[in-house]
1. For region B:241-271, which residues satisfy the criterion of being open to solvent by 20 Å² or more (accessible area, probe 1.4 Å), within 16 Å of residue B:189 (Cβ to Cβ) and touching a helix residue (DSSP H, G or I) at 6+ places or on another chain (Cβ under 6 Å)?
2. Could we say that residue D:151 is among the β-branched types (Val, Ile, Thr), part of a helix (DSSP H, G or I) and open to solvent by less than 70 Å² (accessible area, probe 1.4 Å) here?
3. Give me the pairs, please: first residue somewhere in region A:222-237 and in contact (Cβ under 8 Å) with a residue 24 or more places away in the chain and assigned to a loop (DSSP other than H, G, I, E, B), second residue anywhere and open to solvent by 20 Å² or more (accessible area, probe 1.4 Å) and small (Gly, Ala, Ser), beta-carbon distance under 8 Å, and either six or more positions apart or on two chains.
4. Do we have any residue at all in region C:113-120 that's over 24 Å from residue A:181 (Cβ atoms), of a type outside the set (Asp, Glu) and out of contact with any Lys or Arg (no Cβ under 8 Å at 6 or more places or on another chain)?
5. Looking at region D:1-52, which of the residues that are among the hydroxyl-bearing types (Ser, Thr, Tyr) and assigned to a helix (DSSP H, G or I) is nearest to the other protein chains (Cβ to nearest Cβ)?
6. For residue B:279, indicate whether it is without any contact (Cβ under 8 Å) to a residue 24 or more places away in the chain and buried (at least 16 other Cβ atoms within 10 Å of the Cβ).
7. Would you check if residue D:150 is touching an Asp or Glu at 6+ places or on another chain (Cβ under 9 Å) and of a type in the set (A, V, I, L, M)?
8. Could you tell me whether region A:191-205 includes any residue that is open to solvent by 10 Å² or more (accessible area, probe 1.4 Å), assigned to a helix (DSSP H, G or I) and in contact with a helix residue (DSSP H, G or I) (Cβ under 9 Å, 6 or more places away or on another chain)?
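The values are calculated or read from the model by the stated rules, or taken from the named source; none is laboratory data. All values derive from a computational prediction rather than experimental measurement. As a convention, Cβ positions derive from the backbone with ideal geometry for all residues, glycine included, and neighbour counts pool all protein chains shown. Ligands, DNA and RNA are excluded from the accessible area calculation, which covers all protein heavy atoms including side chains. Shrake-Rupley method; radii C 1.70, N 1.55, O 1.52, S 1.80 Å.
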Amino acid sequence: MSNQTEQPDLERRGFIGKTVLAAGAAVVAPGVLVSVAGAGAKTDGADPGKRYGLLIDTNKCAEGCTACVTACNEEHGIDLMQKPEGLDEAQWQQQKPQWIRKVKLQDNLTGRVTNLPLMCQHCEFPPCVDVCPTGASFKRADGIVMVDRHTCIGCRYCMMACPYKARSFIHQEVEHQTVSAPRGKGCVESCNLCAYRLDYGADNTACAEACAAQGHNAILFGDLNDPNSELAQALSSAASRQIRGDLELNTGVRYTNV
Amino acid sequence: MSTMTYRELWCSSPRYWAGLALLGALVLIGLGAAYYMEHQGHYVTGMNNHIVWGLPHVFAIFLIVAASGALNVASIGSVFGGPMYKPLGRFSALLAIGLLAGGLYVLVLDLGRPDRLVVAMTTYNFKSIFTWNIFLYNGFFLIVALYIWSMIDRTAKWAYTPLGFTAFFWRLALTTGTGSIFGFLVAREAYDAAILAPMFIIMSFSYGLAFFILALLAAFWWAGRAIGDLRLTKLKNLLGVFIGAVLFFALVYHLTNLYITQHHGLESFVLLDGGIYTVMFWLGQVVIGSIVPLFLIYSPGFKTSRWAIAAASVLVLAGGFFQLYVLVIGGQAFPMPLFPGQEVLASTMLDGQIAPYTPSVPEFLLGMSGIVVAMTLVAVVSRMLQVLPDSLEDEQER
Amino acid sequence: MLGSIGLKRLIGLAVAGLMAALAATAHAGSEWVTEGSRAEGLDSCVIDDTEKMRRNHMDYLVHQRDDVVRRGGRGSQYKLAECVNCHTAEDAAGHAIPIDDEGQFCASCHNYMAVNVNCFQCHRKVPEEE
Amino acid sequence: MSFLTIVFALLFYAATAILVIGIGYRISTYAKAPAPLKIPTTPAPTTKPGVVLRLFREVVFFESLFKGSKWTWLFSMLFHAGLALVLLRHVRYFQHDVWLPIQLIQPFGIYAGFALALGLIGLFMRRILVDRVRYISAPSDYLMLILLFLIGLSGLAMKFVVHTDVIAVKDFFLGLMTFSWSPLPADFLLIVHLLLVAILMIIFPFSKLLHAPGIFFSPSRNQVDDSREKRHIAPWAKQLEE
């Protein structure tokens, strides 16, 4: 659990900002209180003027590099999960959650090899949201598609509907979670573009950050609606495509050079 | 028809209670399996992130589809005015309720969070066909229950015809809704076909009637009552027509797919090289589920053989089960076309590969117990209410 | 008729319980804070009035959960994680004890009332640190 | 200790006493009532275990009601089964350590509340809509239904609309049982609920609700049909014989 130092910090900022009893707060959070009181947490909710998305430059995505996957697993506590006793390894690989995965492709005609990360595409018209009987699968005002575990009944209809296999069902009891990514048996989950990080004022996702840290910069995060954002600029200057564009879902995740 | 008398299903007590105890034990085993899967989590099943709906769903959809079909006999009696079928109406409606209850029981117990059933019943997303199905299912219970009441209670005769029509149209809507669960999945090639909804309706006719014939034979054997050959022959001929119709729809479905170049991969998967799914299609659905029962039904050698009729019905059910297995599980196992024109060299999510699925024993036990729940319900209510005619001997007809 | 069997049983239980409970000590309402938790050193709940929190925490949390998840609003002061931070105790080895364990903060009241705590099937049960 | 707590504590002591003593007295009168003749409603069982089984079916499944009127049976079943579960759910207020079965029954007890209300509405409609039932309905028949319905409604409202302080309620009742009173929260719904329950407990021994213990003493149900095998002589008649 060494990797979650960022988030609790952020969480506490909001909390401390609200705390009236300074003395009490000092007892509650002795270590972390010092630095950044009051900043961060969004109180007015997701901004409907925004639409968050990603641009993935597959030319920059390095073969064999899984930094984005590792970062995602750490960020959301997926690495805290363990293979249930007695389960065989192959089945565990098919049952454990994967929010992001690396895919390696080869063109049938030209033989060109492409690497890319694949995750929830945050569609404007998400099939998972359409089919969910309880409305647990929903799209936030800022375009993030996610699951409200509180109302998810675990019917898996969204997994049937998703064209990207972006969703995972939790097949087992979960012992350890991070504060920011609750997880438990019987519900469906998927990439949420690190929604809570954004809510606490961060401007990047864990995967994009990790990719940049590796020097690849293959994942670019930003606001699709803001013409001045780096993302929008990049999208307007280079040809990009949606995976399964034929379904006209208007995905929030775009790819170049596929 | 005024001579027709109905009587509760009384047979000698030990015989009845022993039968019921057997059914109860099987239900308990199914409940135990469900508890095991819920308590441990779905990792103990064969299901995974690729095959998200497994054997329980095949059973559940099978039962739900059959439920609306079982009502058919009652509908023929009241909507289409078939005098031969009218005395069977009550039992047909009861069987419909039982089968639907059994199917929903399996479906609900396989949810990731069955404890949140109340959420499903109170929080709706009206864009989802599932939500509509919740209304369709609950409405079906209510309407068919009232329908039975209108058939039994002489003071409720006025309600019989309107309820008969309502039930008939409701059951069509219900099967369409169930078929649409798949029809709305644009992402998967096997399901993206408009023909699925009408195909589900014709499937329901076939499975429902097969269930009905078996249940009727079983009940009359249990209670030691007699059924005339004339009536059974009518039922069996009807079953033959339905089998042919299902086969025809399957043919159209595959021909349509074969016309679309994009779907060639899927078709060769089902028809040629899909391993178990190909076997299930040809041997299960076509041979066991259609050709052999057609032979049993139309062969002059088996003209009035009860065993041939029962065997044909069992085989139709088995074939229907295989058909749904290929559709539900085969449809998920076949990879989704994410990158047309490209081959996937590596992916941890099995992109471009056939997804593996090995059903587990508890899944099977839960699914089986769905059928048993249906039978138990029918057995108990048949003893409580006057749903079965005292005798179905031919000479009572006219 | 079924019901009145229940009723009679209830009365029977009440009488039996009366005898049993006479021997046992009555439940006192104010000892809910878990021994060895941070909260033990405080006079009152730092989030809101203690008595109000005890009575209405479920409503606050449900309201907050919808606000956070559905709306993305993170401004509420009622955070489950903060309850956990303040109210977990540590065992002899210095490890935090899950807050929903038998006898711990959440479980003590919830078991007393036979009310399920659903939260910790998914939510983290111990403070998040190092 | 608030005035409210004292009033309700005394009220519940009184109500319990009236309920227990009242039902005890009624049962004793039922037990003492002479049954001079063999009058089991036939077909009746011819053995003692058969009679036990018959009473069991009568009490648990309402067999004769089922044969008499399906609709009435449906609604009474909904009501009584619902009430049984709801009462079992309430046992948690009277046990310091709640038994496991009572713990397990909690979620079902919640939905049983709706079944109870639905059953009562059905039974009420029956009194209004069915001519011959309306003709024989006395005000007290309606009163019982309304009283039970209001109890159910206030209970459901506390579960789904405005919560009450269940811990304090439990402390109050455990306090009553141990004679070490604990304050009752002054929530409107709770007060209404408890007041109505107390009223119900008080009028129970004077009302038609006595059909609950009464069914066991019904000669047409609890007698063995063996008048041909064994001559039936009432105990008091036996004395005259000798």
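1. B:258
2. Judged against the criteria, residue D:151 is a match.
3. A:225/A:49
4. Yes, that holds for at least one residue.
5. Ranking the candidates gives D:16 first.
6. Details: without any contact (Cβ under 8 Å) to a residue 24 or more places away in the chain: yes; buried (at least 16 other Cβ atoms within 10 Å of the Cβ): no.
Criteria not met by residue B:279.
7. no
8. yes
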